[in-house]
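Please read the structure below before turning to the comments.
The values are calculated or read from the model by the stated rules, or taken from the named source; none is laboratory data. Bear in mind the structure is a predicted one, so any value in this text is a computation, not a measurement. All Cβ positions, even for glycine, are placed from backbone atoms using ideal geometry, and neighbour counts span all protein chains on display.
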Amino acid sequence: MLNRYLRMCGLALTIVPFTACGGGGSAPSEADATPALIQLDGSSTVFPISEAVAEEFQKANPNVRVTVGISGTGGGFQKFCRAETDISDASRPIRPAEIEACQKAGIEYIELPVAYDGLAIVVNPKNTWADHITVAELKTLWTPEAQGKILRWNQVRASWPNRDIRLFGAGVDSGTYDYFTEATVGKEGASRGDFTSSEDDNVLVQGVSSDELALGFLPLAYVEQNRSKLKLVPVDDGKADNGEGPVTSTAETVRNGTYQPLSRPLFIYVARKAAERPEVQRFVESYFSSAALMREVGYVELTPQLYDLAAQHFAERRVGTAFGAGGSQVGMTLEKLLTREQ
Amino acid sequence: MKRVEFLIEWGLFGCALLSIGTTIGIILVLTIETVSFLRQVPIADFLFGTEWTPLFATPRFGVLPLVAGTMLVSAIAMLVALPMGLLSAVYLSEYADERLRRAVKPVLEILAGVPTVVYGYFALLFVTPLLQAVAPTLAGFNALSPGLVMGIMILPLVSSLSEDAMRGVPRGLREGSYALGATKMQTSLRVVVPAAFSGITAAFILAVSRAIGETMIVAIAAGQQPRLTADPRVPVETMTAYIVQVSLGDTPQGTLEYRTIFAVGMLLFIGTFGLNLVSTWLRERYREEYA
């Protein structure tokens, strides 16, 4: 959950240059004014984004205090629909039951995409055989049944060498792990247990980059910072409608929705009532100008046009969700979403 | 005046009490959490299970892979530290002249003063690539490299304590040996070393306990994959590295997953505590012999 943020503050400091640590937390309050409070809660995947944006925002606005909780997307919406929070972080669109709960409580909300979460499959640069991998092969490799059985490359694909395969992946506490297992194995949190699992992405980069037989999954933005040490493996989801054949994960393929199923948009939901407050307005708008920050905490930022569109939605206070039926819609790009009913 | 004496006495007592209190506190916390862990996981599953996946959807709480990882790394460390430590102790105690000894010993002890995190990255970023040049199939995280580096780290502990033990051997024994016509080498290895045996063993055991409890080096360079193996070329996870891993993540407090670190900590504590007791006992014995 916290992994993307922790890795910047945690043990790994000795490898990565110091970036976003320190400072944060409570904002210094002005002597006279009681600080205005903005409350966020929700997805642990979106948390690093909101936390980073909040930190920058509080530096510029010392008399506003922003708190960011981590209750998970579902837990966040529960609080949000009880009017306990101003903004809800979500790693998936709002679900029908949650839409209903909010409706009952008379909570109107503005749905805003803030970034993409992309997962890359990586191998060692010396690996000559893994030119692409299918989602079915990923499932074979990572399913709980594979534990202790699928141990060699040629067990995944017969044409691959008869050598050990050494697996690396995000820690089980992280949203990255949840999402990866859901997208490949088909059930959130279900995977084999015999792989190197670390909350610290640096450990994974180090592990894969120093082991010829390694395969791992990592947040895409993190791979881009270590491009020379890792080789990206294109992923084929076996569906032609969102890009035929294997698709290489890049910021571009994540943005245009062809790198499926290992990428997804992340959202914040702003309560309509809270959006009337000037400090909330300024805070939400600061998401749209934080592209570099998104990258820094491990995500893929939206295109400037999309941020403009999102900002426009926010300015128009367009309430409701684009995901009427609920659930995420594969292949639906944010462009299509944001330009609906225009 | 008397009052000042009284205050000082109680102040000193307080200081002593503080460390004892801390120890008792640690043991209490470990025990309480371990007991509530064992209430949910049968002790046989914990001690003899061969799979350790407490954080996964289908949790298994067999601690053996962690124990195996710890043993493997410690064994490699001892393979380095024991012979080298003992030999340098023999040299320093029997061969080196006083001036050289005074110069070399502190330098050797600097090794023990290097922060372990530095050793960790030394193993990961320097020793591992070096070893990979020789053995290309060596994984980036492995037991070998941190084991070797840890051996270097505890070398001064072994040499320093062993040397103290050897210097404690009465001069008369050496002179007796020389009088019988023994060479210096024979005297050192066949008279002094056996005479100092219990002290040397105590040093060894202390070193083993240090190796088992060592955390940073293995957390950084050995990998984080609990694996029941004796193969030093693949990633393993030690008990200490597991505790670090869970403490760094955000496993909620009070859950079974969280309690695993106390159960593992308890096992670690019992292990090193037992070894330290044996070591102390051996040293006591040796003191009596030549007192």
Just name the residue that is surrounded by the fewest Cβ atoms within 10 Å (Cβ to Cβ) out of those in the range A:127-180 that are aromatic (Phe, Trp, Tyr) and either assigned to a loop (DSSP other than H, G, I, E, B) or in contact with a Pro (Cβ under 6 Å, 6 or more places away or on another chain) (or both).
A:129
Which condition from (1) modelled with pLDDT of 90 or more; (2) in contact with a helix residue (DSSP H, G or I) (Cβ under 7 Å, 6 or more places away or on another chain) is the one that residue A:19 breaks?
(1)
Return the pairs, sorted by first residue and then second, in which the second residue is not in a helix (DSSP H, G or I), the first residue lies in the range B:121-142 and is surrounded by fewer than 21 Cβ atoms within 10 Å (Cβ to Cβ), the beta carbons are less than 6 Å apart, and the residues are 6+ apart or on different chains.
B:131/B:138; B:132/B:138
Within the range A:137-150, identify whether any single residue is free of Cβ contacts under 8 Å to residues at least 24 places away in the same chain, within 30 Å of residue B:120 (Cβ to Cβ) and more than 9 Å from every other protein chain (Cβ to nearest Cβ), and answer yes or no.
no
Kindly list, by first and then second residue, each pair from a residue in the range A:34-50 that is under 13 Å from residue A:287 (Cα atoms) to a residue that is in a helix (DSSP H, G or I) and charged (D, E, K, R), limited to pairs with Cβ atoms under 6 Å and residues at least 6 apart or on different chains.
A:48/A:4
What's the total number of residues in the range A:181-223 that are among the small types (Gly, Ala, Ser), more than 9 Å from chain B (Cβ to nearest Cβ) and part of a strand (DSSP E or B)?
1
Taking the stated definitions as given, is residue B:123 in a loop (DSSP other than H, G, I, E, B) and within 14 Å of chain A (Cβ to nearest Cβ)?
no
Scan the range B:250-273 for residues that are of a type outside the set (S, T, N, Q), within 14 Å of chain A (Cβ to nearest Cβ) and without any contact (Cβ under 8 Å) to a residue 24 or more places away in the chain and jot them down.
B:250, B:252, B:258, B:261
Yes or no: residue B:154 at pLDDT below 90, of a type outside the set (Gly, Ala, Ser) and either surrounded by fewer than 16 Cβ atoms within 10 Å (Cβ to Cβ) or out of contact with any strand residue (DSSP E or B) (no Cβ under 6 Å at 6 or more places or on another chain) (or both)?
no
All but one of (1) in a helix (DSSP H, G or I); (2) touching a residue at least 40 places away in the same chain (Cβ under 8 Å) hold for residue B:45; state the number of the condition that does not hold.
(2)
If you go through the range A:259-316 one residue at a time, how many are of a type outside the set (S, T, N, Q), more than 11 Å from residue A:112 (Cα to Cα) and assigned to a loop (DSSP other than H, G, I, E, B)?
10
